[in-house]
Amino acid sequence: MLDHEQVAIHAGRRSRLPVIVAVHSTALGPAAGGLRLWHYPDWRDGLTDALRLSAAMTSKFAVAGLPIGGGKAVVALPEGMELDADRRRDVLRDVADVIASLSGVYATGPDVGTSPADMAVIGETTPHVFCKPTDLGGSGDSSPHTAQGALAALRAVSRRLHGTSSLGGRSLAVIGLGRVGVGLARLLAAEGAVLTVTDIDLDKQKISDELGAVWRSPDEILAADVDIVVPAALGSVLTSRTAADLRCRAVVGPANNQLATPDVADLLYQRDIIWVPDYVASAGGVINAISAELHRVSADEARARVRAIEDTVDDLLDTAQRCGQTPAQAASELARRRLSATSPAKHRFTWPDASLLARTGGRQRVRATRRSTP
Ligand SMILES: NC(=O)C1=CN([C@@H]2O[C@H](COP(=O)(O)OP(=O)(O)OC[C@H]3O[C@@H](n4cnc5c(N)ncnc54)[C@H](O)[C@@H]3O)[C@@H](O)[C@H]2O)C=CC1
Ligand SMILES: CC(C)C(=O)C(=O)O
């Protein structure tokens, strides 16, 4: 059975590439979630990714306490296809057309393979986009905030493991030195953490050297003898096999959809390894973007909301311990409670029209507008 409210699949008018937008839930508000532009063996693998990623966004917003629903967009590139600047622009305009056709049910942002500059191109067609560059009125790159949020989650776990939130002297293995991973690795190195790192892109070894980290191959790193493994690349790194190989005491990181299957959370629990659900640890980027662009709070207040992920993780770990649950069960119950506390889906939420923001000079707190469903 399809769990999602709607899934749009279009062959891009210009690029002919498959553009997929999955809206999982608008129970809490209009849906949001990033645009992933990535290679897949088959476009249907991109569809599977979009379905899983959008469902995770619903939980992410619910646990973060934001009145936003879960969605995600994926453009599935065939293996080996590289996009030159013109073709990339075509793809982004195709994505913008699909988002515009959804009339405000979904707004996009950056994810793997996309950036604020890409959001600016989408913004030429539709207002339903966030994280555009700051000089174009957006909140800019989400990845530093995602890294700060993951750091906050790591602090809560460090307190559990070592009695202090400081990560100085702790050993961590960071998987993936992309925009979020490298930002997080730099924060950890600045605090005196002992780092092991990897990426499939061997050029990233330069960053490893710069950070004074130990480089491992992607195949070896999960079994590294460290305090905490930090997934910061793509999903499904935790399988029943890799869970058995782990030698760490916790797995906490910003990568979305880390579990290949939900039961891996139970395997980790049985091995006494703390796993913080990815949709909790990775929420910093959207917390900042929504706080800045929709709630119009100050940069300090947005940062404080991102740092509050530490309290959220503390509370989840407390609840899990008290109730004899895994942190995954505690988080998913919290999300379920918040989702079921909303009134039945009699109305569909949509993103406010950009003209509303323009009319209010962008200073007024903008609420999602509600549209009656037939
Ligand atoms: N950018 C953001 O604000 C947010 C990102 N995330 C998640 O964090 C993760 C990283 O995102 P970004 O840094 O933005 O993406 P990115 O595209 O900048 O970086 C991904 C990195 O992972 C590497 N990689 C891919 N497969 C790998 C593998 N098997 N082993 C090791 N390295 C591998 C890539 O070479 C690249 O350096 C993704 O799962 C994303 O969905 C989650 C929330 C927000
Ligand atoms: C950064 C946002 C847009 C996102 O998709 C996510 O949190 O996964």
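Values in this text are rule-based calculations from the coordinates and carry no lab data. Please read these numbers as outputs of a predicted model, since none were measured by experiment. Cβ coordinates were reconstructed from backbone atoms using ideal geometry, including for glycine residues, and neighbour counts include every protein chain displayed.
Could you tell me which residue out of 335, 144, 223 lies farthest along the dipole of the chain toward its positive end? Charges go on the beta carbon: Lys and Arg +1, Asp and Glu -1, centred on the Cα centre.
Farthest towards the positive pole: 335.
Kindly provide the helix-only [θ] at 222 nm of the chain, computed as the sum of -39,500 (n - 2.57) over DSSP H runs of four or more divided by all residues, to the nearest 500 deg cm²/dmol?
Details: 15 runs with 161 residues, N = 374.
Taking each H run of at least 4 residues, the total per residue is -13000 deg cm²/dmol.
Cα-based Rg of the chain per 2.2 N^0.38 Å, rounded to two decimals?
For the chain, the normalised Cα radius of gyration is 0.95.
Given q = 0.09, 0.11 Å⁻¹, what are the Debye log10 I(q)/I(0) values for the range 143-332, with equal point scatterers placed on the Cα positions and solvent ignored?
-0.29, -0.44
Could you put 333, 82 in order, starting from the residue whose Cβ has the fewest other Cβ atoms within 10 Å? The partial results should precede the final answer.
Values: 333 15, 82 8.
Ordered from fewest to most neighbouring Cβ atoms within 10 Å, 333, 82 come out as 82, 333.
Pop out the ³J(HN,Hα) list for the range 44-49 in order, Karplus 6.51 cos²θ - 1.76 cosθ + 1.60 with θ = phi - 60°, rounded to Hz; leave Gly and Pro as x.
5, 5, x, 5, 4, 4
Let's test this: bin the Cα-Cα distances of the range 284-324 at 10 Å from zero up to the farthest pair and state each bin's percent.
Using 10 Å bins, I get a P(r) of 30, 37, 23, 10 for the range 284-324.
With a cut-off of 8 Å between alpha carbons and a minimum separation of six or more residues, what is the relative contact order of the chain in percent?
Working: 812 pairs, mean separation 59.3, N = 374.
Relative contact order comes out at 16 percent.
Label points 7 Å out from Cα along the Cβ direction at residue 13 and residue 82: separation in nm?
So the label points at residue 13 and residue 82 sit 3.0 nm apart.
Place a point 7 Å from the Cα of residue 247 along the Cα-to-Cβ direction; which residues of the range 205-219 have their backbone N under 16 Å from it?
Counting only backbone N, you get 214-219.
Order of 66, 238 from fewest to most other C-beta atoms within 10 Å? Write down the numbers at each step before the final one.
Details: 66 21, 238 26.
Listed from fewest to most nearby Cβ atoms, that is 66, 238.
Which residues does a label at residue 210 reach in the range 118-150, if reach means a backbone N under 19 Å from a point 7 Å past the Cα toward the Cβ?
Within reach of a label on residue 210, which here means backbone N under 19 Å from a point 7 Å along Cα→Cβ, the range 118-150 contributes 141-148.
What translational diffusion coefficient, to the nearest whole µm²/s, does the range 148-229 have by Stokes-Einstein, given a Kirkwood radius computed over alpha-carbon pairs, a temperature of 25 °C and 0.890 mPa s viscosity? Please list the in-between numbers first.
Details: Rh = 12.6 Å.
D = 195 µm²/s.
Give me the distance between the Cα centres of the range 138-167 and the range 106-131, rounded to whole Å.
Each part's Cα centre sits 25 Å from the other's.
Give me the dipole magnitude in Debye, nearest 20, for the range 143-332 about the Cα centre, with unit charges on the beta carbon: positive for Lys and Arg, negative for Asp and Glu.
On the way: 18 positive and 23 negative charges, 47 e Å.
Dipole about the Cα centre, nearest 20: 220 debye.
Rule-of-thumb check for the range 1-76: C-alpha Rg over 2.2 N^0.38 Å? Walk me through the numbers before you get to the answer.
Details: Rg = 12.4 Å, N = 76, 2.2 N^0.38 = 11.4 Å.
Dividing the Cα radius of gyration by 2.2 N^0.38 Å gives 1.08.
How much of the calculated P(r) for the range 6-136 lies past 26 Å, in percent of all Cα pairs? List each step's numbers first, then the result.
Values: 1175 of 8515 pairs.
Percentage above 26 Å: 14.
Determine which aspartates and glutamates satisfy two conditions relative to residue 60: a Cα distance under 13 Å, and not lying fewer than 8 residues away in the same chain.
Partners found: 278, 333.
Once phi is turned into θ = phi - 60°, what whole-Hz ³J(HN,Hα) does the Karplus curve with 6.51, -1.76 and 1.60 give for every residue of the range 205-219, x standing for Gly and Pro?
Values per residue, Gly and Pro as x: 4, 4, 5, 4, 4, 4, 8, x, 8, 8, 8, 10, 6, x, 6 Hz.
Determine ³J(HN,Hα), in whole Hz, for all residues of the range 180-195 in sequence, where each value follows from phi through the Karplus function 6.51 cos²θ - 1.76 cosθ + 1.60 and θ = phi - 60°; x replaces Gly and Pro.
Taking θ as phi minus 60°, the curve returns 6, x, 6, x, 5, 4, 5, 4, 5, 5, 4, 8, x, 6, 9, 10 Hz for the range 180-195.
Can you pull out the trypsin sites (Lys or Arg not before Pro) in the range 1-78 whose DSSP state is coil and whose Cβ has at most 11 other Cβ atoms within 10 Å? Before the final figure, lay out each step's value.
Working: sites: 13, 14, 16, 36, 44, 52, 60, 72; in loops: 13, 14, 16.
Sites meeting the loop and neighbour criteria: 16.
Taking amide H positions as placed 1.01 Å from N in the peptide plane, with prolines and chain starts having none, which residues 5 or more places from residue 132, or on another chain, fall under 5 Å of its amide H?
When sequence neighbours closer than 5 places are left aside, the close amide H contacts are 138, 139, 140.
Arrange the following residues from fewest to most other Cβ atoms within 10 Å of their Cβ: 200, 273.
Working: 200 12, 273 19.
In order of increasing Cβ crowding within 10 Å: 200, 273.
I'd like the distance separating the alpha-carbon centroids of the range 287-342 and the range 16-63, in whole Å.
Taking the Cα centre of each part, the range 287-342 and the range 16-63 sit 20 Å apart.
Please list, ordered by chain and number, the residues whose modelled amide H lies under 5 Å from the amide H of residue 38; skip anything fewer than 5 residues away on the same chain.
75, 77
Rounded to the nearest 20 Debye, what is the dipole magnitude of the range 210-308 about its Cα centre when Lys and Arg each give +1 and Asp and Glu each give -1 at the C-beta? Walk me through the intermediate numbers first.
Numbers: 9 positive and 13 negative charges, 45 e Å.
Around 220 debye, computed over the range 210-308.
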